[in-house]
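*Asks:* Sharing a structure below in structure tokens format, with a few things to ask.
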Amino acid sequence: MTTALKLVIDLTQKLVRFPSVSHQSNEAVSQCVADELARIGFDVEWLSYLDEQGVRKVSLIGKRGNGAGGVAYLAHTDVVPAEDWSVDFCGAFEPVEKDGRLYGRGTCDMKGSLASALIAASLVPPEKSNPLYFVVTSDEEVGMLGAKKVNGKSRYFQEMVENNTVGIVGEPTQLSVVHAHKGGQRFHVSAKGVSAHTSTTEGRNANYSLIPALPAILSLRNDSETNPAYQNQMFDPPTLSWNMTITNEPDAVNVTPSLARLNSFLRTMPNVDVEPLLSQVEAVCRTYGLEFYRKESVDPWSVAPNAPWIQSMLRIVGQARSQSVCYATDAAVLQRLESIMICGPGDIQQAHRSDEWISLEQLSRGVEVYQKAFTHSFDR
């Protein structure tokens, strides 16, 4: 095992041991990252805020070196919940190396990537990078709220925008270069009723108001899967991937529910206008006396695959062409940084699982790729 691989395994394990699930504070793991950055010569900008539940969240931006341009690495420290963790030889936040893999919540998405970039930066003499930034956000998994704070408040990010810094979002792509990803639009359809004990006739079941509208909404969903107006062949699948869930409040079979809500999520795409589709859903809601309201949205993101910084990164990783992906990243929020791409170790198929893991080979390659990228003079 090489020294660099040992270092990146140790640092990934250290980061994973912080249970920074999005509904909890990420302050402790952010302090750990800030300490690592300071240790290797970075100045750190600390952006702290309280989320809607009053929980302290932190995004940070590190900078080392002077001059214009340079390279930025972008990551997040929050992770998805781990209540369904299924690995019997380790806990979700007790990472274990086994059979060429490192298991634990966040190993793949995306503390392993962050560790690879930090180790790479530690191996680059400060005078070789001109300058080098780290953007490490909170709440990426729940609406990219930390990135929104960075976009609006960070002086270092504003400097990156003004100086056309090249950004590398380290989300798991198996170190392939990505030039586009989908966004997201959430919306709800709600019906109101009256709660009561089901042994009485006092209640009014909200489901009975929602159910008649479901066939029309399902028809719109099915049409969106085949209608060319709602497709972009850049992606696989090329559709909005409209998903629905239904929730009740209260959620007990011996209580008449006073609220029935259809929750929907569209994966939006560049050059696809979903407004006509949403207008049709609203029209259905008016017909059946239901409430319609939108939740937060995330824009799709794309740059030209022949963009000079994309071509430069392809040469670094030794690949012929870039690709698109169907998930979203902080790049959607930080689009003022024009020269941006996605390239990170790990496979998205290994993320958000009850046995999340990343291969040691990907961690090692991540260090190598980022070390080259951090010293590269990118075309723009």
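*Asks:* With no solvent and one equal point scatterer placed on each C-alpha of the range 17-67, evaluate the Debye formula and give log10 I(q)/I(0) for q = 0.19 Å⁻¹, two decimals.
*Replies:* -0.64
*Asks:* If you average the sequence gap of Cα pairs under 8 Å that are 6 or more apart and divide by the length of the chain, what percent do you get for the contact order?
*Replies:* Reported relative contact order: 25 percent.
*Asks:* A further question on this structure: Only counting other Cβ atoms within 10 Å, I'd like E361, E36 sorted with the fewest neighbours first.
*Replies:* Fewest to most other Cβ atoms nearby, the residues stand as E361, E36.
*Asks:* So which lysines can K63 reach, going by Cα to Cα under 23 Å and dropping same-chain residues fewer than 8 places off?
*Replies:* Once the sequence-local lysines are set aside, what remains near K63 is K14, K111, K128, K148, K149, K153, K372.
*Asks:* Right, another one. Looking at the chain only, what percent of DSSP beta bridges run antiparallel? Nearest 5 please.
*Replies:* Looking only at bridges with both residues in the chain, the antiparallel portion is about 75 percent.
*Asks:* Now a separate question. Before rounding to the nearest 500, sum -39500 (n - 2.57) across all DSSP H runs of length at least 4 in the chain and divide by the residue total; then give [θ] at 222 nm in deg cm²/dmol.
*Replies:* Calculated from helices alone, the mean residue ellipticity at 222 nm is -9000 deg cm²/dmol.
*Asks:* For the range 184-298, what's the relative contact order in percent, using C-alpha pairs closer than 8 Å and at least 6 residues apart?
*Replies:* That works out to 43 percent.
*Asks:* What is the set of long-range amide H partners of V169 at a cut-off below 5 Å, with H atoms built 1.01 Å from backbone N?
*Replies:* Residues meeting the amide H criterion: L74, M341, I342, C343.
*Asks:* Now, a different point. So for the range 1-85, averaging the separation of alpha carbon pairs under 8 Å that are six or more residues apart and normalising by length, what relative contact order in percent results?
*Replies:* Value for the range 1-85: 31 percent.
*Asks:* What ³J(HN,Hα) values, in whole Hz, does the Karplus curve 6.51 cos²θ - 1.76 cosθ + 1.60 give for the range 63-72 when θ = phi - 60°, with x put for Gly and Pro?
*Replies:* 9, 9, x, 10, x, 8, x, x, 10, 10
Read-outs: derived from the displayed coordinates by stated rules, not from any lab. Everything numeric in this text was worked out from a predicted model, so none of it was measured. Every residue, glycine as well, gets a Cβ built from its backbone with ideal geometry; the counts of neighbours run over all protein chains shown.
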